[in-house]
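Reviewing the structure listed below.
The values are calculated or read from the model by the stated rules, or taken from the named source; none is laboratory data. Here the structure is a predicted model, which is why all the values come from computation and not from measurement. When we count neighbours, we look across all protein chains shown, and the Cβ atoms used for this are built from the backbone with ideal geometry, even at glycine.
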Amino acid sequence: MRILHVDSERPWRGGQNQILLLMRRQRGRGDEPHLAAPRDAVLAARAAEEGIPVHAVGMHGTWDLGAVLGLVRLTWRLRPDVVHWHAARAHAIGAMAALLAPGPARVLSRRVQFPVRRSAGSILLYALPVDRIAAISGAVRDALVQSGVRPEIIDVVPSGADPAPAMDPSARRAIRAGLGCGEEDVAGIVVSALSAGKGHHDLLHAAAAALPRAPRLRLWIAGTGALEKDLYEECRTLGLGPSVRFLGFRNDVPELLRAADFFCLPSHSEGLGSSILEAMGAGLPVIATRVGGIPEAVEGGGSGILVRPSHPVELVEALVAMVMTPDLRARMGCRGRERAALFTADRTAEGTYEVYRSALRSRGR
């Protein structure tokens, strides 16, 4: 099977990691994945490093007609069995291209919980042909249905993560020491874009309130984004000092996870949260918000503590409980590793193949 993946995003986020994990497995099965992406996209560089064919398509705007024609020419040349669109801009450009190159089965991945906007452009976009939609959680599927998308074309295919390998204790100690964290300290790690809706402001304020009761609390914040300077300034204003470390963009997230003691993601909205799956796979207990698809992955009271979004009292109590109760961390970490076995990248690939088969059947192939 030849699959053309279309992704318009330039930075590296959880969705781009999911695409790369999927393409690896497709190639491993003897299929032929291709990627159409902007030339300066991080995913394009990483896919090329692994020998996956990459085709540069600019995708500078939602209705970029030049990108549409480029994708049409690419589709005619490759003649893929399936075209798989990722992200909203890729969907718009890909759907218009499919009108001029209608041969392949058309699949869309939807990773955000937001309802589809009822603007004229969005209504037109979802009126264009698509054979199947792969939603990463039941919450994402429900948001699509509430927006008027036909439920019969939607499949739920949860995101997945690779199993985390074991870490040598000395390597763990070295990472912690390098981040100014002693053996008695309890390090919570956040891995996400520093952008609106991820709850970083809530977390910083909760940490400031929790520290007098849990002085061993340390926070590692990994990621970059538009809020970076604001968060630095807020950290200084709150007097958090060495208790919080901003790590920037990191290529060693799996190692950081295994060096931490718990994971935190206080998002205001989340399709599922692939970083949570990676954290649970590394044996970390989770503090997260009860939004979107997160409760489908994290069992409140089992593999983690779920709090209401933008609810500082609950977040403070969760931080204090996680820092001050080692047995709680151990129990939730073990349960999280069990839960992570249900959300592997292999399972995601199998679910995606089922979506492809349904799409091909709908085209009489």
Item to complete: Go through (1) touching a Gly at 6+ places or on another chain (Cβ under 9 Å); (2) modelled with pLDDT of 95 or more one by one and return the number of the condition Arg29 breaks.
Response: (1)
Discussion item. Please go through the range 6-32 and give me each residue that is over 20 Å from Gly271 (Cβ atoms), buried (at least 19 other Cβ atoms within 10 Å of the Cβ) and of a type in the set (Gly, Ala, Ser), ordered by number.
Written reply: none
Worksheet item: Within the set of pairs 6 or more residues apart or between chains, which connect a residue that is surrounded by fewer than 23 Cβ atoms within 10 Å (Cβ to Cβ) inside the range 315-332 to a residue that is of a type in the set (D, E, K, R) with Cβ atoms less than 8 Å apart?
Response: Val320/Arg213; Met324/Arg213; Arg329/Asp261
Worksheet item: Out of all the residues in the range 103-135, which are among the hydrophobic types (A, V, I, L, M, F, W, C) and in contact with a Pro (Cβ under 6 Å, 6 or more places away or on another chain)?
Response: none
Discussion item. Would you confirm whether or not the range 33-48 contains a residue that is on the phi > 0 side of the Ramachandran plot and surrounded by fewer than 20 Cβ atoms within 10 Å (Cβ to Cβ)?
Written reply: no
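Here are Gly197, Gly180: which of them is touching a residue at least 40 places away in the same chain (Cβ under 8 Å), of a type in the set (Gly, Ala, Ser), touching a His at 6+ places or on another chain (Cβ under 6 Å) and assigned to a loop (DSSP other than H, G, I, E, B)? Steps first, answer last, please.
Values: Gly180 fails: touching a His at 6+ places or on another chain (Cβ under 6 Å).
Going through Gly197, Gly180 in turn, just one is touching a residue at least 40 places away in the same chain (Cβ under 8 Å), of a type in the set (Gly, Ala, Ser), touching a His at 6+ places or on another chain (Cβ under 6 Å) and assigned to a loop (DSSP other than H, G, I, E, B): Gly197.
I'd like to know if the range 130-141 contains one or more residues that are assigned by TED's automatic domain parsing to the domain that holds Gly103, of a type in the set (Lys, Arg) and either assigned to a helix (DSSP H, G or I) or in contact (Cβ under 8 Å) with a residue 40 or more places away in the chain (or both). Outline the logic, then answer.
Going residue by residue through the range 130-141, those that are assigned by TED's automatic domain parsing to the domain that holds Gly103 are 130-141.
Those still in the list that are of a type in the set (Lys, Arg) too: 132, 141.
Subsequent filtering for residues that are either assigned to a helix (DSSP H, G or I) or in contact (Cβ under 8 Å) with a residue 40 or more places away in the chain (or both) retains 132, 141.
Scanning the range 130-141, I find at least one residue that is assigned by TED's automatic domain parsing to the domain that holds Gly103, of a type in the set (Lys, Arg) and either assigned to a helix (DSSP H, G or I) or in contact (Cβ under 8 Å) with a residue 40 or more places away in the chain (or both), so the answer is yes.
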